[in-house]
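So the structure is just underneath, and the comments pick up after that.
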Amino acid sequence: MSSSMGLNADSAWPLWDELPLVGAFELDQSEGAFDKAVVHQVSRPWLFGYKPTKDSNGHAVLILGGGGYTQLMIGREGIAVARWLAGLGFIAFVLVHRFPNAETGPQAPLDDARQALGRIQASGSAPRGLGVCGLSSGGHLAAALLAEYPTAWTPAVPEAPVPKPAFAVIGYGPISTNAKGRTIVPDKPTLEPPAKQALYDTVVPDEHLARPAPPTFIVYSANDPIVPVVNAYRLAEGVRKAEGAVELHVFADAPHGFAMDTEGLPVSKWPSLCEAWMRQCGLLGG
């Protein structure tokens, strides 16, 4: 654990080395507070921890923000989510992972997320179970953690056991509609950079979920112009086929990236619905 804190976190851990935080990634705070911060150009991934602000429920959550695997909405889809979960008694961890590009290769985000799960488990922060929460591209990455590791790739640390998430919260992620042969847009162009397209082609979570799948909460917008809602249905059916319990909420009218700060629409109620689901699943303690 590093003594150099960032992102207003209570702890900060480098994933693959012991180098200081400075220079690990580019943080854009042009809109002011951390709540709107965006991360660019990650050279060294880091994990930021947030303590519960009420009695701990014994669970930890790895939070994976979106940004299309080319940037990371670390404020709206990371720190804000961590504050919400910390208020429910979770120990929350926000991951700043590398992006898939010519330098890192397509598997970098998944290897970073798996390493983060292992670090959290080894720290003893999740005595009652470790979950994942991912939004947008982070939803794809969270779903990837529920799936078998691709046989075409070699894990970064082959001998290291990776804990399976005990529960999952996934919102508006491109689970499989970016994958070759599974798009719903005719003649959909390949994504740039090529490593990003390779990631989506190789990691198709709804087809490769490990059994049994954990309890999973899924939330999407029916008219999302960026991520087709069919991703929600594919993931929900995949969880069901993998012997998991699934709760699916599809809101009729909501923008892509609704996160937790889209006010004035019914989708703003999704965190309350998720909290009720967590309580039903026994995740919030007494």
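FYI, it's all coordinate maths here, none of it is from the lab. On a predicted model such as this, the values are computed, not experimentally measured, just so you know. Virtual Cβ from ideal backbone geometry, glycine too; neighbours counted across all protein chains shown.
A simple rule links phi to the HN-Hα coupling: the Karplus curve 6.51 cos²θ - 1.76 cosθ + 1.60 with θ = phi - 60°, which for segment 271-276 gives x, 5, 5, 5, 4, 5 Hz, with x for Gly and Pro. Using only side-chain charges placed at the Cβ, +1 for Lys and Arg and -1 for Asp and Glu, the dipole size of segment 135-286 relative to its Cα centre rounds to 260 debye.
Each Lys or Arg adds one and each Asp or Glu takes one away; over the other residues whose Cβ falls under 13 Å from the Cβ of P194, this sums to -1.
The lysines within cross-link reach of K196, meaning a Cα-to-Cα straight distance under 18 Å and a gap of 8 or more places when in the same chain, are K180, K188. Here segment 81-139 is treated as a Stokes sphere of Kirkwood radius computed over C-alpha pairs; at 25 °C and 0.890 mPa s its diffusion coefficient rounds to 193 µm²/s. Here the contact order of segment 11-280, divided by its residue count and restricted to Cα pairs under 8 Å and six or more residues apart, works out to 15 percent. Placing unit charges on the Cβ atoms of the charged side chains and taking the dipole of the chain about its Cα centre, the candidate lying farthest along the positive direction among Q115, A82, V162 is V162. In segment 94-240, the C-alpha radius of gyration followed by the widest Cα-Cα span (Dmax) gives 14.8, 48 angstrom.
Binning the alpha carbon pair distances of the chain at 10 angstrom intervals from zero yields the distribution 7, 31, 40, 20, 2, 0, expressed in whole percent. For a paramagnetic label modelled on D55 (point 7 Å from Cα along Cα→Cβ), amide N atoms under 18 Å away belong, within segment 252-280, to 279-280. Simple point charges give the picture: +1 on the Cβ of Lys and Arg, -1 on the Cβ of Asp and Glu, and for the chain a dipole about the Cα centre of about 560 debye. Here the calculated FRET efficiency for A102 and H40, from their Cβ-Cβ distance with R0 = 22 Å, stands at 0.85, rounded to the nearest 0.05. A simple spin-label model places the labels of E192 and V230 2.6 nm from each other, with each point 7 Å out along Cα-to-Cβ.
Rounded to the nearest 500, the helix-only mean residue ellipticity at 222 nm of the chain stands at -6500 deg cm²/dmol, with each DSSP H run of n ≥ 4 adding -39,500 (n - 2.57).
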